[in-house]
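Remarks on the structure that follows.
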Amino acid sequence: MKKETGKYLLFFFGFGIFTFILWQFPFGRIALYPFTILGTWFHEMGHGLTAMILGGRFVELVIYPDGSGFARFTTDLFLGNIGQAIVAMGGPIGPTIAGSALIASTKKMKFGRIVMFLLGLSMLLSVLIWIRSFVGILIIAILGLVIIFISIKGSDKLQILSLQFLGVQAIMSLYLSIDYLFSSGGYVGGSSFNSDTAIIAKYLLLPHWLWAFLILAFSVIMIFYSIKFTFSDKKS
């Protein structure tokens with residue numbers, strides 16, 4: 001059992017290092033492009049689902065070819081301005097929560113299969129209900145179908161490796177968005193916008209860069225404990 005745990009831990013960190021290296025080269029960014037879109041999907045779903053939890057309506061999700069995107073939702077939220085800030089937080093912490101959950105789900109194989117199936121199903125449902133851009137529809141639908149297929153037909157080993165790989169890709173999207181996290185705004189689809197941390201600062205005071213540090217710290221802690229949980233006394 002310890003040997004198996006060590007092997008999968010090695011695969012996990014191998015995926016992380018391999019992904020980081022690939023991102024340093026143009027051909028690597030092209031190869032990982034579908035997972036860039038997946039990272040954006042996690043981020044924008046984080047906004048939309050948080051808005052729904054707080055009583056709003058998730059209207060649409062748009063993903064542009066360059067990997068940027070936005071979620072549109074009604075702003076009549078519980079908790080008023082605090083609710084707006086919480087929804088803004090839902091985006092940057094969404095990929096970390098998703099990645100940590102995917103990794104932790106490999107602790108027990110039966111649970112991992114369910115999580116993977118639900119992930120693929122939620123991706124397909126989001127295509128039908130919220131996604132309103134060709135790139136988003138195409139890539140998220142294909143990934144969703146592949147994920148569902150693996151969850152049903154894949155071997156236990158393929159299942160574990162797939163969940164770990166997807167978890168790493170979700171977490172790596174945090175690395176790709178660090179500049180955005182510490183910025184006050186930018187452009188999406190040719191229109192200017194406030195960054196998530198700038199929106200949080202608007203409603204909860206404190207500078208946006210401090211909120212960026214807090215979100216980053218939360219993400220690092222969550223990733224650490226998900227790895228610790230998953231690879232200590234692993235049970236399949």
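The values are calculated or read from the model by the stated rules, or taken from the named source; none is laboratory data. Worth saying up front: this structure is predicted, and the values here are computed from it rather than measured. Because the Cβ atoms are built from the backbone with ideal geometry, glycine has one as well, and the counts that use them run over all protein chains shown.
The figures follow:
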quantity: Within the stretch 118-154, considering residues that are small (Gly, Ala, Ser) and assigned to a helix (DSSP H, G or I), the one farthest from Leu49 (Cα to Cα); calculated: Ser151
quantity: Number of positions in the stretch 6-23 that are over 16 Å from Phe35 (Cα atoms) and touching a residue at least 12 places away in the same chain (Cβ under 8 Å); calculated: 4
quantity: All positions within the stretch 43-82 that are loosely packed, with under 15 Cβ neighbours inside 10 Å and closer than 18 Å to Leu138 by Cα; calculated: Pro65, Asp66
quantity: Matching entry among Val87, Val62 (being touching a His at 6+ places or on another chain (Cβ under 9 Å), of a type in the set (Val, Ile, Thr) and under 23 Å from Leu181 (Cβ atoms)); calculated: Val87
quantity: Criterion: within 18 Å of the chain's Cα centre (by Cα) and of a type in the set (Gly, Ala, Ser) - qualifying residue of Ser133, Ser122; calculated: Ser122
quantity: Wholly within the stretch 15-117, helices (runs of 4 or more DSSP H) carrying at least 1 residues that are within 24 Å of Ile147 (Cα to Cα) and among the basic types (Lys, Arg); calculated: 26-31
quantity: Qualifying positions in the stretch 13-69 - among the charged types (D, E, K, R) and within 24 Å of Ile103 (Cβ to Cβ); calculated: Arg29, Glu44
quantity: Residue match in the stretch 124-141 (condition: in contact with a helix residue (DSSP H, G or I) (Cβ under 9 Å, 6 or more places away or on another chain), surrounded by 16 or more Cβ atoms within 10 Å (Cβ to Cβ) and at pLDDT below 90); calculated: no
quantity: Qualifying residue in the stretch 191-212 (condition: of a type in the set (Ser, Thr, Tyr) and assigned to a helix (DSSP H, G or I)); calculated: yes
quantity: Residues being surrounded by fewer than 15 Cβ atoms within 10 Å (Cβ to Cβ) and among the aromatic types (Phe, Trp, Tyr) - total across the stretch 24-42; calculated: 3
quantity: Any pair with Cβ under 9 angstrom, 6 or more apart, that starts in the stretch 216-227 at a residue that is in contact (Cβ under 8 Å) with a residue 40 or more places away in the chain and under 17 Å from Asp179 (Cβ atoms) and ends at one that is part of a helix (DSSP H, G or I) and of a type in the set (Val, Ile, Thr); calculated: Leu216/Ile178; Ser219/Ile93; Ser219/Thr96; Ser219/Ile97; Ser219/Ile171
quantity: Check on Ile178, closer than 30 Å to Trp211 by Cα, surrounded by fewer than 20 Cβ atoms within 10 Å (Cβ to Cβ) and among the β-branched types (Val, Ile, Thr); calculated: yes
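Residues checked against (1) within 15 Å of the chain's Cα centre (by Cα); (2) within 14 Å of Ile160 (Cα to Cα):
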{"residue": "Ile82", "(1), (2)": "no, no"}
{"residue": "Ala98", "(1), (2)": "yes, no"}
{"residue": "Ala101", "(1), (2)": "yes, yes"}
{"residue": "Gly112", "(1), (2)": "no, yes"}
